[in-house]
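Step one of this worksheet: look at the structure below.
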Amino acid sequence: MAIKFNLNGNDVTVEAASGTPLLWVLREELGLTGTKFGCGVASCGACTVHLNGEPVRSCSTLIEDVANTSVTTIEGVKGAAAKAVQTAWQKLDVVQCGYCQSGQIMSAINLLATNPKPTDADIDEAMGGNVCRCATYVRIRAAIHHAAEIMEG
Ligand code: FES
Ligand code: FES
């Protein structure tokens, strides 16, 4: 079946069988490999993208469900929250192996776009579904606070 949606600001049409996970289409059909496969069952957050601005797990989002929507991947993020997160991540050297980090960043951008001054509890709640096997959680929390300061100016 042909599915049309907006991807990182561009209209795209993909051919995929009904039931195909969005993650497969992004990585295998469209070559956007920044979005990672971790668990495949919506439990780790490595595959997080934005669907109409909200974070979703692309491993568990069916391609037919993105028809006529807007999808943003790590390759297409932009705006004040995205810029602040990228700057803070680099400054605090958050990344260890890096595998989980595009998903972490997608969740962090959404958090800051909706809550520009999150508390530790807000961060824990928003980021709770993003697992990091390298345990970078302390640096992630610090980087989100730093990104909030950058956005505040
Ligand atoms: S790969 Fe999608 S949540 Fe783990
Ligand atoms: S940085 Fe290695 S899994 Fe998170």
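The values are calculated or read from the model by the stated rules, or taken from the named source; none is laboratory data. Computed from a predicted model, the values in this text were never measured in an experiment. All Cβ positions, glycine included, derive from the backbone under ideal geometry; neighbour counts span all protein chains shown.
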Going through the stretch 112-147 in order, the residues found to be assigned to a helix (DSSP H, G or I) and either surrounded by 21 or more Cβ atoms within 10 Å (Cβ to Cβ) or within 16 Å of ligand 1 (Cβ to nearest atom) (or both) are LEU112, ILE123, ALA126, MET127, ILE140, ALA143, ILE144, ALA147
Quick test of your reading of the structure: GLY45 fulfils all but one of (1) within 16 Å of ligand 2 (Cβ to nearest atom); (2) touching a residue at least 40 places away in the same chain (Cβ under 8 Å); (3) assigned to a helix (DSSP H, G or I). Name the failing condition by number. (3)
Among the listed residues ILE109, ILE74, which satisfies the condition of being within 16 Å of ligand 1 (Cβ to nearest atom) and either in the same structural domain as ASN52 (by TED's automatic domain parsing) or not basic (Lys, Arg) (or both)? ILE74
List pairs: first residue in the stretch 1-16 and among the small types (Gly, Ala, Ser), second residue surrounded by fewer than 18 Cβ atoms within 10 Å (Cβ to Cβ) anywhere in the structure, Cβ distance under 6 angstrom, at least six positions apart or on different chains. ALA2/THR13; ALA2/GLU15
Quick one: which residue in GLY19, GLY9, GLY31, GLY40 is surrounded by fewer than 19 Cβ atoms within 10 Å (Cβ to Cβ) and either of a type in the set (Asp, Glu) or within 15 Å of ligand 1 (Cβ to nearest atom) (or both)? GLY40
Of everything in the stretch 84-109, what is touching a Ser or Thr at 6+ places or on another chain (Cβ under 7 Å), assigned to a helix (DSSP H, G or I) and aliphatic (A, V, I, L, M)? Give them in sequence order. MET106
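Output the residues belonging to the stretch 23-42 that are more than 23 Å from ASN115 (Cβ to Cβ) and either assigned to a loop (DSSP other than H, G, I, E, B) or within 13 Å of ligand 2 (Cβ to nearest atom) (or both).
At the first step, the residues of the stretch 23-42 found to be more than 23 Å from ASN115 (Cβ to Cβ) are 23-41.
Matches in the stretch 23-42: LEU30, GLY31, LEU32, THR33, GLY34, THR35, LYS36, PHE37, GLY38, CYS39, GLY40, VAL41.
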In this structure, is ILE123 β-branched (Val, Ile, Thr), over 27 Å from LEU30 (Cβ atoms) and within 16 Å of the chain's Cα centre (by Cα)? yes
